[in-house]
Amino acid sequence: MERVPVCAIFPVMNRRQFLAASAACALAPAPGRAAALRLRAGPASVRLVPFVDGPTAMLGFNGATPGPEIRVRAGGRVSVGFENATGQPSAIHWHGIHIDNAMDGVPGLTQDAVAPGAGFAYDFAAPHPGTYWYHAHHRSWEQVAKGLYGPLIVEERDPPRVDRDITVVLDDWRLTEDGALHPSFGDRHDFSHAGRLGNYARAFFSAATVRRGDRVRLRLINAATARTFKVRIGGGEGGIVALDGMPLGQPEPVGEPVLAPPRRARRGRLGEPVLAPAQRADIVLDVAGPLVFDLLPRGQPYALGTIAAEGSNPAPAGGPVAALPPTPVPAPDPARARRLVLAMQGGAMGGRHGGDDFWAFNDRSGVGEAPWQRFARGETVRIAMRNDTAFPHGIHIHGHHFHELGPDGAPGPYRDTTLVEARQSRDVLCVFDNPGKWLIHCHTLAHQASGMKTWVEVA
Ligand SMILES: [Cu+2]
């Protein structure tokens, strides 16, 4: 059964889109056969904004954004027939998957861009359970901002028991008053500052309702090209159980306290997940009422959306939220780790650097012909990710996860994207065990487009 991709459909699609996506899902193969799920990138007409008339002209997969949710059991294969109807070259990257390098979807490094009207067969194993996503990786500052992405869920072989498993995709868009995408793509001010921040944000939910007393798993994905989402979740309490797909040793409390006052006082204020572009968080939470998602900017909270509460679960799970079973991953060898510095440079109000674009790593802009580093397969590397700029950057390493290290050097969460605030530095510890050519870049996609990227080769 592991080879069967299963799709779930987001409720924002209209009927025609639903039927198109359902037809794609119907191609899921019989056990043991690797039939392809068809993903056609092209124009999409999406009811994005409730308070303007008519849909927004965007890009999507199979006519929808977010695209179809791909589900596969850990160890199973994902087989996708990609068709490019965008009118531009494109390619798909499978973010966070420890993937066969040839399938990583990076034009110029792992494949040629797929020409307009052409296709590409993606076929790879998904070794680790968790919440991942896929997105365009050519002119991504434009194609992702227009909607070319979707969830990729790798299920545990023995998943934790929950009443609902709900995907929550977060994004923002820069819109005109008519609800159209603002035409300012590629704006140089965006490129040299914080990227293309939107003026409208919302969440897409894969379920419209929950019951009071349900224990739900929420899979948050930040698909925005520039905005970091700090999210307050009201109507339930529980814990963050995974970041970027990988389980935490202990759940981190999250949500709104719903327990009786004495215990609430002891527990104190619960946390709010913070997701930089491309980051994900899995949350297991007990529902007490409608689940209300708010973006916490500096001023007033901003409503991202609500999952309604209807009815009650007659047999609530109860009890503390348990950690997910650990994912077996290679153990780092910190004592023998090679130590490197990856300095983020440039941008507005930033220092000078030797690169050609607004942004650079270590005085170099763009990927160039030669890798930044070559690693022996299995080598442990400690990288000081040093932000010498006036803006935050979420740095993503393809094909691998890495440990974020605390100030004392103790290994923290195991992530594929790490957020480094302006003028701050964070060390990460990575076992480069996946052979191939791997991009390292900022996931503020305007920064990536304007030089903040490099690559390493593992052999
Ligand atoms: Cu950046």
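Observations
- Restricting attention to the chain, close to 75% of DSSP beta bridges with both partner residues there are antiparallel.
- Ranked by the mean number of other Cβ atoms within 10 Å per residue, highest first, peptides 417-425, 311-319, 209-217 order as 209-217, 417-425, 311-319.
- Here is the list for the stretch 39-99: chymotrypsin sites (Phe, Trp or Tyr not before Pro) lying in DSSP coil, each with at most 11 other C-beta atoms within 10 angstrom of its C-beta, are PHE51.
- For the set PHE120, PHE293, solvent exposure ranked by accessible area (probe 1.4 Å, protein chains only) runs largest to smallest as PHE120, PHE293.
- With contacts taken as Cα pairs under 8 Å and at least 6 residues apart, the stretch 335-411 reaches a relative contact order of 36 percent.
- Accessible-area value, MET349, 1.4 Å probe, nucleic acids and ligands omitted, Å²: 140
- Dipole size of the chain about its Cα centre, with +1 on Lys/Arg Cβ and -1 on Asp/Glu Cβ: approximately 560 debye, rounded to the nearest 20.
- Taking label positions 7 Å along the Cα-Cβ direction at both ALA376 and ALA422, the computed distance is 4.3 nm, reported to one decimal.
- When only Cα pairs below 8 angstrom with a gap of at least 6 residues are kept, the stretch 344-459 shows a relative contact order of 34 percent.
- Whether the chain is rounded, prolate or oblate, judged on the alpha carbon gyration tensor where a/c under 1.5 counts as rounded: rounded
- Antiparallel bridge percentage (DSSP; both residues within the stretch 331-437; nearest 5): 75
- Sequence of ASP408, ASP100, ASP427 when ordered by accessible area, the most exposed leading, probe 1.4 angstrom: ASP408, ASP100, ASP427
- Where a label projected 7 Å from the Cα of ASP187 along Cα→Cβ would reach, residues of the stretch 134-172 with amide N under 12 Å: none
- The stretch 287-340: radius of gyration and largest Cα-Cα distance (Dmax), Å: 20.8, 56
- DSSP-loop trypsin sites (Lys or Arg not before Pro) across the stretch 80-183, with at most 10 other Cβ within 10 angstrom: ARG161
- Set of lysines near LYS437 by C-alpha distance (under 26 Å), chain-local residues within fewer than 8 positions excluded: LYS453
The values are calculated or read from the model by the stated rules, or taken from the named source; none is laboratory data. Keep in mind that what you see is a predicted model, and the values were worked out from it rather than measured. Please note: Cβ atoms are built from the backbone with ideal geometry, for glycine as well, and neighbour counts cover all protein chains shown. Protein only, heavy atoms only, side chains kept; ligands, DNA and RNA dropped before computing areas. Shrake-Rupley method; radii C 1.70, N 1.55, O 1.52, S 1.80 Å.
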